[in-house]
Amino acid sequence: MTRIAHVSLRRVRLPLVHEFQTSSHAKRFLEHILVRYESTGGAVGWGEIASPSGPFYSAETVSSCWAVARDFLIPIVRATEWDHPAALAGAMAKVRGNHFARAGFDMAAWSLFAAASDVPLAAALGGTRARAEAGVSLGIEPTIDALLEQVASRVAEGYRRVKLKIAPGWDVEPVRAVRAAFPDVPVHVDANGAYSESDIAVFSSLDELGLLMIEQPFAPRALVAHAALQSRLRTPICLDETVEDVDDLVTALRLGAGRVLNIKVSRMGGLTHALRAHDVARAEGVPVWCGGMHEFGIGRAANVALSSLPGFTLPSDVSGSDKYYARDVTTRPIVCADGWVDVPSTPGLGWEPDREFIESMTVDRVDVS
Ligand code: OSB
Ligand code: MG
């Protein structure tokens with residue numbers, strides 16, 4: 001049985017190498033919360049709470065995660081004895097919602113469990129692939145030329161699929177330009193729920209462009225609208241924000257609201273829940289891929305491990321650390337070579353957190369023993 005003796009939270013701020021435009025503003029740095037466990041037996045685990053700073057992707061923010069972690073999750077973790085990460089996830093499930101916050105704590109349990117069991121995290125999860133196929137996510141650029149430049153450099157780096165963010169006013173025209181300039185590159189688009197049912201014409205046009213998928217066209221809870229759109233399109237709809245748990249997935253599949261699933265460790269509430277979504281999707285014949293939240297090296301390592309599972313048959317958003325950060329929180333960066341990220345075969349997370357660097361970039365801390 002495992003009992004956690006020490007829990008540390010570090011709110012860490014890293015500069016971004018390429019500022020990206022969100023629906024609200026341009027970002028130049030990101031803050032994520034790193035979670036460190038030490039068990040009574042001396043085993044160590046790390047997790048990452050990769051919430052965006054504002055409540056625009058989900059309802060969570062870095063500050064809401066900080067408060068929920070400090071006031072509710074730390075007490076649960078310190079009071080629970082567990083033999084498997086799923087048991088700790090079960091104890092944390094009495095906290096409603098707050099999936100990003102719970103995901104960081106669940107990830108720390110898995111990385112500790114894998115390290116203490118002397119197996120790689122990927123193997124502990126049931127992963128079977130030696131490498132993860134890497135796609136890259138490109139934000140809204142100031143001009144189409146700037147976007148084409150981004151695509152060219154990422155394709156030259158070897159990325160095997162390009163995802164383009166779209167929003168009203170930045171959709172058919174830039175996507176058509178990318179398809180014309182790079183006809184052989186697999187492309188998909190991600191709307192992050194920015195459209196409504198009155199925008200059907202945009203999706204009819206996108207449907208002609210041979211895209212791999214159209215991700216999250218409508219608002220998260222608009223399941224019926226997604227089903228109606230999917231019935232009119234050849235291009236598969238991929239759900240992201242809509243699916244926060246396995247029940248959402250079952251509902252979406254029953255309604256025909258999508259044909260592909262983006263599994264994010266953060267959005268699902270951790271690796272335990274991501275694994276369950278993978279198993280359900282696989283049983284239903286639904287292809288999945290691993291989405292990202294601009295993770296630092298710890299969350300990114302979990303994404304790589306998850307992507308080694310057999311149902312991850314599409315390229316994941318597992319770019320190298322260098323796409324976002326000049327220096328990552330691990331002693332070695334995560335590297336994407338020729339469009340693939342190797343799944344580590346060393347026990348535990350597979351990358352060593354750089355504690356000195358983490359402390360130097362920390363803007364707030366909590367330590368409970
Ligand atoms: O919808 O996939 C998304 C980042 C922040 C919020 C939403 C999304 C994203 C990404 C990031 O696309 C992809 C990555 O981490 O490489
Ligand atoms: Mg998305």
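The values are calculated or read from the model by the stated rules, or taken from the named source; none is laboratory data. Source: prediction; values computed, not measured. Positions of Cβ are generated from backbone atoms using ideal geometry, with glycine treated the same way; all protein chains shown enter the neighbour counts. Side chains are part of the model used for accessible areas, which takes the heavy atoms of the whole protein and leaves out ligands, DNA and RNA. Shrake-Rupley method; radii C 1.70, N 1.55, O 1.52, S 1.80 Å.
The figures follow:
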item: Amide H within-cut-off set for Leu30, under 5 Å, with H built and near neighbours excluded; result: Leu14, Leu16
item: The chain, accessible surface, carbon-and-sulfur percent (1.4 angstrom probe); result: 51
item: For peptides 251-257, 45-51, sequence by mean Cβ density within 10 Å, most packed first; result: 45-51, 251-257
item: Between region 221-236 and region 37-106, the alpha-carbon center distance in angstrom; result: 33
item: Among Ile74, Ile144, Ile298, residue whose mean-square fluctuation peaks in a GNM of the chain (springs only between Cα atoms under 10 Å); result: Ile144
item: Gain upon complete extension [Ser63, Ser345; 0.36 nm per residue less C-alpha separation]; result: 98.0 nm
item: Neighbour net charge for Phe113 - beta-carbon separation under 11 angstrom, K R +1, D E -1; result: -3
item: Solvent-accessible area of Arg3 with every protein chain in place, 1.4 Å probe, in Å² to the nearest 10; result: 90
item: Residue among Ala43, Ala227, Ala180 with the largest mean-square fluctuation in a Gaussian network model of the chain, springs linking Cα atoms under 10 Å; result: Ala180
item: Along principal axes, Cα extents of region 223-369, largest first, whole Å; result: 53, 39, 26
item: For the chain, Kirkwood radius (reciprocal of mean inverse C-alpha pair distance, Å); result: 20.6
item: Taking the C-alpha atoms of region 280-349, convex hull volume expressed per residue in Å³; result: 96
item: Long-range amide H partners of Val119 with built H, under 5 Å; result: Gly348
item: Simple spin-label estimate for Asp279 and Ser205 in nanometres, 7 Å along Cα-Cβ; result: 4.5
item: Folded to 0 to 90 degrees: helix 223-232 orientation relative to the chain principal axis, Cα; result: 40
item: Candidates Glu244, Glu352, Glu215: whichever shows maximal mean-square fluctuation once the chain is modelled as a Gaussian network with Cα springs under 10 Å; result: Glu352
item: Average accessible surface area per residue within region 124-342, 1.4 Å rolling probe, Å²; result: 37
item: By accessible area with a 1.4 Å probe, ligands and nucleic acids excluded, highest first: order of Lys323, Lys165; result: Lys165, Lys323
item: Value of Rg/Rh across region 124-342 [Cα atoms, Kirkwood radius]; result: 0.95
item: Mean separation of Cα contacts under 8 Å, 6 or more apart, over the residue count of the chain: relative contact order %; result: 22
